[in-house]
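Have a look at the structure below before the remarks.
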Amino acid sequence: MDRLEDLIATLAPDTLLRALAPDQLETLLRDASARDLKPGEAIITQGDEDGGFAVVVLTGGLKITMISASGHEIILNYCGPGELVGEIAMLDSGPRTATVTAAVPSRVLLLPSRTFLAAATGNPVSAAGVMRELARRVRQLNMVIESDRTFSMAPRLALALVRLIDPDKDDGRLRFDLNQNELGAFAGLARENVSRLLSEWEAQGIITRHGRALRIRDRDYLQTLAEFGDDA
């Protein structure tokens, strides 16, 4: 029971699992199974018809990507310990919308969809919580789409870096050390533009770099730029 309580305590505050009633959440976690992943190993593949499980990150981190119609890889997000991925196909039984791979050595928990759906629908508190969380995500997605359409290159890269800041550190470190191609795929920018902006920000003391390791020195500046765009 102590291990289960510890696991629940590590869940991200905005994860869909937090919407479940406590007894339903415990039942779901007891029915889960653990798996270890090597860097680059896929746990979910875009287009796969098997939506029978979602994934909780226990240690390490996962990269979520999709291939566009033009054949380019787009990095949608990075997830760390306590976060949930793969829940869309689990909820609607449709094909997987993205590929999920280990960004670093990782340990994950596989949650069976049958148990989750039973938990989400078997209790009014859980059902209402799931609906609220899904509505919040729609609002968040609308904000991301709006920023992609209206913001220029600097605010988009600032938003990507802000999303990558390690919340458990207070020294501006990122959760993952990405190369410029990966940063570009995450921010929706060409590598050359990422390189130019990082050089400018480094010269201004906004960031520092040691190889691939990047640290944010002026978080307020990047957050303001990410939120207000070119009007900041």
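Every read-out reported here was derived from the displayed coordinates using simple, explicitly stated rules and does not represent laboratory data. For clarity, every value in this text was computed on a predicted model and none was experimentally measured. Positions of Cβ are backbone-derived with ideal geometry, glycine not excepted, and every protein chain shown enters the neighbour counts.
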>> Can you give me the orientation-averaged projected area of the convex hull built on the Cα atoms of the range 1-134, in nm²?
In response: 7.8
> P(r) of the range 151-231 in 5 Å steps, Cα pairs, percent per bin?
Replying inline: 3, 17, 29, 31, 16, 4, 0
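Averaged over all directions, how much area does the convex hull of the C-alpha atoms of the chain cover when projected, in nm²? Could you put the intermediate results ahead of the total?
Numbers: hull surface 53.1 nm².
Computed as one quarter of the Cα hull surface, the answer is 13.3 nm².
Sum -39500 (n - 2.57) across every DSSP H segment of at least 4 residues in the chain, then divide by the residue count to get the 222 nm mean residue ellipticity, nearest 500. Could you put the intermediate results ahead of the total?
On the way: 9 runs with 103 residues, N = 232.
When only DSSP H runs of four or more count, the value is -13500 deg cm²/dmol.
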> Could you put F53, F176, F116 in order, starting from the residue whose Cβ has the fewest other Cβ atoms within 10 Å?
Replying inline: F176, F53, F116
>> Could you check the spin-label model distance between S33 and D50? Points 7 Å from the Cα along Cα→Cβ, value in nm.
In response: 1.0
